[in-house]
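In what follows, a structure is listed as structure tokens, so that the remarks can point back to it.
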Amino acid sequence: MSRAADLTTAFFARPASWPLVLTGLLLAAWLIHRYGWLNPYQQQILMYVGIHIILTASLNLVNGYMGEFAVGHAAFMAVGAYVSSLITVRLFPFQAAPLLFPLALLVGSLAAGIVGLLVAFPSFRTRGDYLAIVTLALNMIVKSAIENLEVIGGPRGFLGMQRLTTLPWVVFWVISSLWLLRNFIYANLGRGVLAIREDEVAAELLGVDTRRVKLHAFILSASLAGLAGGLFAHVVQFITPRSFDIVRSTEILVMVYLGGIGSLAGSVIGATVYTVALEWLRFLGQWRMAIAPLLLVFLMILRPTGIMGLREFVAFIPREERNLRARLEALGRGRQGWPPAGEAGRVGPHGPA
Amino acid sequence: MALLELQGVSRRFGGLQAVADLTLQVPEGELTALIGPNGAGKTTVFNLITGVYRPTGGRILFDGQDLVGLPPAAIVQRGIARTFQSIRLFKGLTALENVRIAHFARVTYGPGAWLSRGRPFREEEEAILAASYQWLERFGLARYALEPAGSLPYGDQRRLEIARAMATRPRLLLLDEPAAGMNPAEVEALMELIRWLQASFQVTIFLIEHQMRMVMGLCQVVHVLDFGRLIASGTPDEVRRHPRVLEAYLGQGAGGS
């Protein structure tokens, strides 16, 4: 174990560490935004990174942690983007919009969650590839539905949003989303999610209500994608159905499998690396768009679990789960069969950390 | 009093009658075995009891209540747990996690609790952790608690599967060929374990077995299945001498001698 890793572990073992880091992050984001420490272009890239982190982590819950294969996440993003934009443009008074922005995001996210529920209900009744087909279809349906709705601009798109998404807001929503996902995963429903990935039949025969688990996971995933959509719409200030086509969905898939399935740290890494890399490759012009599908193919062949692949940074594991070894030691003190054969290393509940 | 009662249970897969009009009882507190040649329909019977398949006819009564039509998870909550012929552990998860998952249906905390991870959440989780660890200790698996289940030695994987099933606190434990692939010493240890389980936890055990030795040494009552039909029931000694059983195992003509 490297010294840096040990220091990280020691740092995050202290109860006050997380609030400190998060406050620092938020403060830094606010300072950058307020005093323009980074130019608008750089800030925009950072915002895209944050939005992509939310999208990636949300899809990772279904595809990585649960082992299903949803491919149309842009559909939920579209629902969140259009609903929140309609609210801020048509419903909110212009001056009050910045204050009410979080409300619009939450309603957009809720709408995406409801669409997620409508999709999850029929598609989880059967097994296997069905979900992939249904989500792919959903992506196309949502896109053509928007194209045919003239009230919201149809194929020409929808505009008029103020640039309400700022770096501090993005940082805030990224932190909230990851926190929500972490708490979900390291609790009873999250254990159910992992059990479904490992062996659905065995899970069901141990009393795991697999339908309830899947619904929860899918709705949570869809809502977070909707939230990301709302943030996205208020950065670019102009959305069209084409912003949420299958190419966008593919990009999210690439970020999930690049960063690593079943890992929040992997989602952060995947989203960051992909977003920044794509900016660097702007000179390639249209050819840039060929990168995502190609990358997906190569990843699936060469490293199907991604960079982090089912591993997690200690910082993303709740404290109670991080010191399992110590807790077990306390439980097993004075009984036989302890200490364990292996040396005391850092171990998370899902395997080595 | 029968804890489990199958009344004329049938299951047809297309043209194949996998289980035909099966009637048998599993008395509470006893060890009952289901034996039969390969393909006799033994595992199908377990799948019918646990709700993996739905019977095409008949009733399955557990403690007097009909189980037919209930989803598997609901049947587990009624108090039936099982293991599998081919081990079905969550191989990528730790041994501890395997057992913790078995507590799924018993968790009472709601979304508010897991969101905040406050005191009620932590107390319940602590209780689950302690109970899970205790199951590992009882089965001599404590030192593997944080190892991936798939990395355990074969015999220990079998035991972990039983520990995991027991963690659902069943009244009836279904063991599907628990001794498959074990050497004689391991079979001996397994028999010891099953006796200990029955004595310590008042759990009724219904087991499918191939190895006669194990059935003979353990069970009070043995049912024999062949081509989905019950061909004999009785004590191990009775069954061993039954002409139709000999015929099923050794072929036509063997029973007549």
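Name the most mobile residue of A:221, A:249, A:123, meaning the one with the largest mean-square fluctuation, in a Gaussian network model of chain A with Cα contacts below 10 Å. Largest GNM mean-square fluctuation: A:123.
Dividing the mean sequence gap of close Cα pairs (under 8 Å, 6+ apart) by how many residues the range B:91-156 holds gives a relative contact order of 58 percent. Mean-square fluctuations from a GNM of chain B, with a 10 angstrom spring cutoff on Cα atoms, peak among B:209, B:177, B:126 at B:126.
Here the 3J(HN,Hα) profile of the range B:26-37, calculated from phi with Karplus coefficients 6.51, -1.76 and 1.60 at θ = phi - 60°, is 10, x, 4, x, 10, 10, 10, 10, 10, 10, x, x Hz, Gly and Pro shown as x. Net charge in the neighbourhood of residue B:69 (other residues with Cβ under 12 Å of its Cβ; Lys, Arg +1, Asp, Glu -1) is +1. Dipole check for the range A:1-148: with +1 at the C-beta of Lys and Arg, -1 at the C-beta of Asp and Glu, and the Cα centre as origin, the magnitude is about 180 Debye.
Computed over the alpha-carbon pairs of chain B, the distance histogram in 10 Å steps reads 7, 28, 34, 21, 8, 2, 0, 0 percent, short to long.
Counting beta carbons within 10 Å around each of A:156, A:327, B:158 and listing the fewest first gives the order A:156, A:327, B:158. Relative to its Kirkwood radius, the Cα radius of gyration of the range B:91-156 gives an Rg/Rh of 1.05.
Summed over qualifying helices (DSSP H, 4 residues or more, each -39500 (n - 2.57)) and divided by its residue number, chain B shows a 222 nm mean residue ellipticity of -11500 deg cm²/dmol.
Remark on residue B:3: its backbone amide H falls under 5 Å from those of B:26, B:28, a criterion applied only to residues 5 or more positions apart or on other chains, H modelled at 1.01 Å from N. For the range B:148-225 versus the range B:50-74, the inter-centroid distance based on Cα atoms is 23 Å. I need the Debye-formula profile for the protein assembly as shown: one equal scatterer per C-alpha, no solvent, reported as log10 I(q)/I(0) at q = 0.08, 0.10 1/Å, two decimals. After summing over all Cα pairs, the log10 values are -0.66, -0.92.
Three principal axis extents describe the C-alpha atoms of the range B:203-251; from largest down they are 34, 20, 17 Å.
Per residue Cα convex hull volume for chain A, in cubic angstrom?
Details: hull volume 56.0 nm³, N = 353.
Here the figure is 159 Å³ per residue.
Please list the non-local residues whose amide H lies under 5 Å from the amide H of residue B:231, H modeled 1.01 Å from N, same-chain partners needing a gap of 5 or more. Hits under the 5 Å cutoff: B:224, B:225, B:226. Converting phi to 3J(HN,Hα) with the Karplus coefficients 6.51, -1.76 and 1.60 and the offset θ = phi - 60°, the range B:233-244 yields 9, x, 6, x, 5, 4, 5, 4, 9, 5, x, 5 Hz in sequence order, with x at every glycine or proline.
Using C-alpha pairs below 8 Å separated by at least 6 residues, the relative contact order for the range B:163-257 is 19 percent.
Compute the FRET efficiency between residue B:91 and residue A:69 as 1/(1 + (r/R0)^6), taking r as their Cβ-Cβ distance and R0 = 25 Å, and round to the nearest 0.05. Once the sixth-power term is evaluated, E becomes 0.80. Once backbone amide H atoms are built at 1.01 Å from N, residue B:33 has B:207, B:221, B:222, B:223 as its partners under 5 Å, excluding neighbours fewer than 5 places away on the same chain.
Think of the protein assembly as shown as having a plus end and a minus end, set by charges on the Cβ of Lys, Arg, Asp and Glu; of B:4, A:171, B:74, A:171 sits farthest toward the positive end of this dipole.
Read-outs throughout are calculated quantities, based only on the coordinates presented, and are distinct from any laboratory measurement. For clarity, every value in this text was computed on a predicted model and none was experimentally measured. Backbone-built Cβ (ideal geometry, glycine too); neighbour counts: all protein chains shown.
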